[in-house]
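Down below is the structure, laid out as structure tokens.
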Number of protein chains: 2
Amino acid sequence: MELKVIAYARNGFSDKFGIPRQSREESSIVTRIVFTPDYSSPDAIRGISDYSHLWLLWGFSANRRFRHAESEPEQMSDSLTVRPPRLGGNTRVGVFATRSPFRPNPIGLTSVRLLRVESGELIVSGADLLDGTPIYDIKPYLSFSDSHPDACNGFAEKSRDYRLHVDWSSCVYAESDSVRKEALRRDLEEILSQDPRPAYQTDSERIYRLDYAGHTVAFKVQGDTVVVESLNPKD
Amino acid sequence: MELKVIAYARNGFSDKFGIPRQSREESSIVTRIVFTPDYSSPDAIRGISDYSHLWLLWGFSANRRFRHAESEPEQMSDSLTVRPPRLGGNTRVGVFATRSPFRPNPIGLTSVRLLRVESGELIVSGADLLDGTPIYDIKPYLSFSDSHPDACNGFAEKSRDYRLHVDWSSCVYAESDSVRKEALRRDLEEILSQDPRPAYQTDSERIYRLDYAGHTVAFKVQGDTVVVESLNPKD
């Protein structure tokens, strides 16, 4: 089967670095779903506003796969096992027992909250997608067949509540627009709390830089705290 | 993107007629997931038993699409709208607001319960798949990102609790093995209660025949009741 791109994701995740590893229900980060010309008719989404949640089927782009490859240099896309960062990077599990991007068919699956339809685009929250990600299908979420709140999460359970504290107290800002700054800070707080460092890095003095929504944030990670150093418009 | 088949579904749904329209958590119908040679290594599913539920991404086969086409003759696969049977067949909704098989990329998405791993195969329940359906990906179900029990189900809410009563009292059996008969009856009860008739058919005297697990069941539908006429090994 050959897949056609029906839409692209548009958001502030311009960088391979910083995308959440899994979508989160409570995410406030907004993504626009922009249909390709063949599917941009209002007909294709008629009735979709009656649903609160949607499924996106999308492609792990080369960029995203590269982001993971950097931290997992031995990871081959034709391997049947992967080494999840959250298991410390030494334990191999089967590719079909993970949501790793290194899959025989690199299709991602993400549930999102539908906020609204605007100018023929879907405005959603909770998408763990890089800006420009190709989307292959959109389906309504059906709670009676898709929701299993008591499912056993295997090793992924360990990452369920993993969060870092974000400390802005020593941040130097170049941004003067305070409304814009607050929105940026809210999104970045969510992104940084999920520990965007490449896996297995523990140098507490190393400064990392992450691009988001036209800005660059610099930070280091000390213990369970992300210390933000600066937030500047991207050069 | 071109997809590789990683496995095939094996179950009693030999016929396009009778497949449930949506998977159900409580389904007792068992499907075996049989990997293709490239992916049949135990490595590929190492650790999968730690999860209670899985996602299957699979292909709507020509057979399955035909099953729907019979009841929806005007349905074209390149149309941006579909007419869901549960809306009476006259209301058009956008293809991305339905789980219809008539999609730009005919990929199905089904969550199943993992019962056990047996001889390198996954034994699952709840799959709404035709026997022989190609599977493109298997992912662990993660309750913290995939489960939204309070999601609004749009028009699909109307079909949530739709069930017919199944009346076996006038059934003529050719099957002599009573254990086998009980297992068959349990599966068929579930299948028939979901009203496998083609959409928009209301003739209460018409006899329908459905093949399942090497048997043929004959039935008619009178009001909210499926009256089973006979259950015989398939010719």
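With contacts taken as Cα pairs under 8 Å at a separation of at least 6 residues, the range B:82-206 carries a relative contact order of 20 percent.
If you plug the beta carbon distance of A:Arg92 and A:Arg206 into 1/(1 + (r/R0)^6) with R0 = 30 Å, you get a FRET efficiency near 0.65. If only the Cβ of Lys and Arg carry +1 and only the Cβ of Asp and Glu carry -1, the dipole of the range B:153-226 around its Cα centre is close to 80 debye.
Accessible surface of chain B, 1.4 Å probe: 46 percent of it comes from carbon and sulfur atoms. Among the GluC sites (Glu not before Pro) in the range A:162-206, those located in a DSSP loop and surrounded by at most 10 other Cβ atoms within 10 Å of their own Cβ are A:Glu205. For A:Thr225, the solvent-accessible surface computed with a 1.4 Å probe is close to 40 Å², ligands and nucleic acids excluded.
Give me the accessible area buried between chains B and A, both sides summed, with a 1.4 Å probe, in Å² rounded to the nearest 100. Write down the numbers at each step before the final one.
Values: alone 12850 and 12870 Å², together 19260 Å².
Protein heavy atoms only, the B-A interface buries about 6500 Å².
Put A:Lys158, B:Lys16 in order of accessible area, highest first, and with a 1.4 Å probe you get A:Lys158, B:Lys16. Near the amide H of B:Leu115, within less than 5 Å, lie the amide hydrogens of B:Ile123, B:Val124, B:Ser125, all on another chain or at least 5 residues away, with H placed in the peptide plane. A:Trp58 sits with roughly 10 Å² accessible to a 1.4 Å probe, with DNA, RNA and ligands left out of the calculation.
Across chain A, C-alpha contacts under 8 Å between residues 6 or more apart give a mean separation that, scaled by the residue count, equals a relative contact order of 28 percent. For A:Lys181, a cut-off of 23 angstrom between C-alpha atoms picks up these lysines, skipping any fewer than 8 places away in its own chain: A:Lys16, A:Lys220, A:Lys234.
Could you tell me which chymotrypsin sites (Phe, Trp or Tyr not before Pro) in the range B:169-235 are loop residues by DSSP with no more than 15 other beta carbons within 10 angstrom of their beta carbon?
Numbers: sites: B:Tyr173, B:Tyr200, B:Tyr208, B:Tyr212, B:Phe219; in loops: B:Tyr200.
Passing sites in the range B:169-235 are B:Tyr200.
Entry note, the range B:155-235: relative contact order of 38 percent, from Cα contacts under 8 Å with a spacing of 6+ residues.
Amide H contacts of A:Tyr136: A:Ile6, A:Leu57, A:Trp58, A:Gly59, each under 5 Å away and 5 or more positions distant or on a separate chain (H built 1.01 Å from N in the peptide plane; Pro and chain starts excluded).
The listed residues A:Arg197, B:Arg180, A:Arg186, once ranked by accessible area (1.4 Å probe) with the largest placed first, stand as A:Arg186, B:Arg180, A:Arg197.
Would you calculate, for the protein assembly as shown, the mean residue ellipticity at 222 nm contributed by helices, counting each DSSP H stretch of 4 or more residues as -39,500 (n - 2.57) and dividing by all residues, to the nearest 500?
On the way: 6 runs with 60 residues, N = 470.
Calculated at 222 nm, the ellipticity per residue is -3500 deg cm²/dmol.
Peptide B:80-88 has a mean of 2 when you count, residue by residue, the C-beta atoms of other protein chains within 10 Å of its C-beta. Here the Karplus curve 6.51 cos²θ - 1.76 cosθ + 1.60, taken at θ = phi - 60°, turns the phi angles of the range A:89-106 into couplings of x, 10, 9, 8, 10, x, 4, 7, 9, 9, 9, 3, x, 8, 10, x, 10, x Hz, with x standing for Gly and Pro.
Inter-chain neighbour count for A:5-14: the average number of beta-carbon atoms from partner chains within 10 Å of each residue's beta-carbon is 1.
Looking at chain B, the DSSP beta bridges with both ends there are about 90 percent antiparallel.
Across the identical copies, the 7 Å label point of B:Lys181, projected outward along Cα→Cβ, sits 8.0 nm from its counterparts, in ascending order. Across the protein chains, with a 1.4 Å probe defining accessible surface, the residues B:Lys139, B:Lys181, A:Lys4 rank A:Lys4, B:Lys181, B:Lys139 from largest area downward.
Please work out whether the protein assembly as shown counts as rounded, prolate or oblate from its C-alpha gyration tensor, where a ≥ b ≥ c are the square roots of the eigenvalues and a/c under 1.5 means rounded, while otherwise a/b larger than b/c means prolate and anything else oblate? Before the final figure, lay out each step's value.
Details: a/c = 2.52, a/b = 1.77, b/c = 1.43.
Cα axes put the protein assembly as shown in the prolate bin.
How many percent of DSSP beta bridges within the protein assembly as shown run antiparallel, rounded to 5? Of the beta bridges lying entirely in the protein assembly as shown, close to 90 percent run antiparallel.
Excluding ligands, DNA and RNA, what is the solvent-accessible area per residue of the range A:172-235 at a probe of 1.4 Å, expressed in Å²?
Averaged over the residues of the range A:172-235, the accessible area is 51 Å².
Quick check on the range A:81-235: take the gyration tensor over C-alpha atoms, sort the square-rooted eigenvalues as a ≥ b ≥ c, and tell me if it's rounded (a/c under 1.5), prolate or oblate. All intermediate terms of the calculation are to be shown ahead of the outcome.
Numbers: a/c = 2.03, a/b = 1.22, b/c = 1.66.
Taking the square roots of the gyration eigenvalues as a ≥ b ≥ c, the range A:81-235 is oblate.
Remark: the protein assembly as shown carries a charge dipole of roughly 300 debye about the Cα centre, counting +1 on each Lys and Arg Cβ and -1 on each Asp and Glu Cβ. In terms of its C-alpha gyration tensor, the range B:111-177 has an oblate overall shape, because the principal axis ratio a/c (a ≥ b ≥ c, square roots of the eigenvalues) is not below 1.5 and a/b does not outweigh b/c. For the range B:36-43, 3J(HN,Hα) computed residue by residue from phi via the Karplus equation (6.51, -1.76, 1.60; θ = phi - 60°) reads 6, x, 5, 10, 8, 5, x, 4 Hz, glycine and proline entered as x.
Legend: mean number of C-beta atoms from other chains within 10 angstrom of residue C-beta atoms, peptide B:106-115, equals 3.
The values are calculated or read from the model by the stated rules, or taken from the named source; none is laboratory data. Computed from a predicted structure; not experimentally measured. So basically every Cβ, Gly included, is an ideal-geometry build from the backbone, and we count neighbours across all protein chains shown. Surface areas here come from the heavy atoms of the whole protein model, side chains and all, with no ligands, DNA or RNA. Shrake-Rupley method; radii C 1.70, N 1.55, O 1.52, S 1.80 Å.
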